[in-house]
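A.B. asks: Below is a structure I'd like to ask you about.
Where a number appears in this text, it was derived from the coordinates with a stated rule and is not lab data. Remember, it's a predicted structure, so these values are computed and weren't measured experimentally. Backbone-built Cβ (ideal geometry, glycine too); neighbour counts: all protein chains shown.
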Amino acid sequence: MRKILHLAIAFAAFLAASIGLVSPAVAAGDYGEKIFEIGNQFFQATDSNGHFTAQVTYVSGGRPFRENPVAFSFVISPYLRSIATGTMQCRAWQSKNGALTGASDYHSIPPGYIWHWTFPENPIGPHMEASGSCVFPVNAGGRTGTANVRFLFRYVVDGGGGDAASHRQAALSGTSALVSSASIG
């Protein structure tokens, strides 16, 4: 029994090291802050867990509930796709100044799919967050389990009215822009 426990612990350590798994406190994907500005409206980042993008479209006088929509995409890494054995359940939600806005997205998608969604309401100035996760079954070297790939992206939409410096100062005092982590259990 003790030998089986030691083998299980050793395999878990090997698996975590082989796909770059880390605890949330030391998560992969620390890409810094993003302040969207007119003329600088796109963000992308890649780490061992996947590829993430975000892009704001500035809208003035647009339709109701469409204030500077931000479109996002996320696709898991080639390695995670290679060990995935089933459909991913992906969820994202939005926060404004630390409180949930009610905007969210949920998709049941295949592992190679580029998951994309839009949060339509992004006013000038507040500190916004897009966070989420994709959960899916895996088989790594004959061992089965469930992967949970999480991300967090912090951003500010700046209107170009001379307030970028104050947004930048406030944003950089917080945590990183994109933090992704994965765990297999």
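A.B. asks: In nm, to one decimal, how far is the modelled label at Val135 from the one at Ser73, with both set 7 Å along Cα→Cβ?
C.D. replies: Result for the modelled spin labels: 2.7 nm.
A.B. asks: Further question: Give me the net charge for the shell around Ser131: Cβ to Cβ below 12 angstrom, other residues only, Lys and Arg +1, Asp and Glu -1. Mind showing how you got there, number by number?
C.D. replies: Details: positive: Arg91, Arg150, Arg154; negative: Asp105, Glu129.
Summing Lys/Arg as +1 and Asp/Glu as -1 gives +1.
A.B. asks: Let me ask you something else. Once you list every other residue whose beta carbon is under 14 Å from the beta carbon of Tyr113, what net charge do they have if Lys and Arg are +1 and Asp and Glu are -1?
C.D. replies: Result for the neighbourhood of Tyr113: 0.
A.B. asks: Once fully extended, how much extra length lies between Arg143 and Thr101, figured as 0.36 nm per residue of separation less the alpha-carbon to alpha-carbon distance?
C.D. replies: Taking Arg143 through Thr101 to full extension adds about 11.2 nm, to one decimal.
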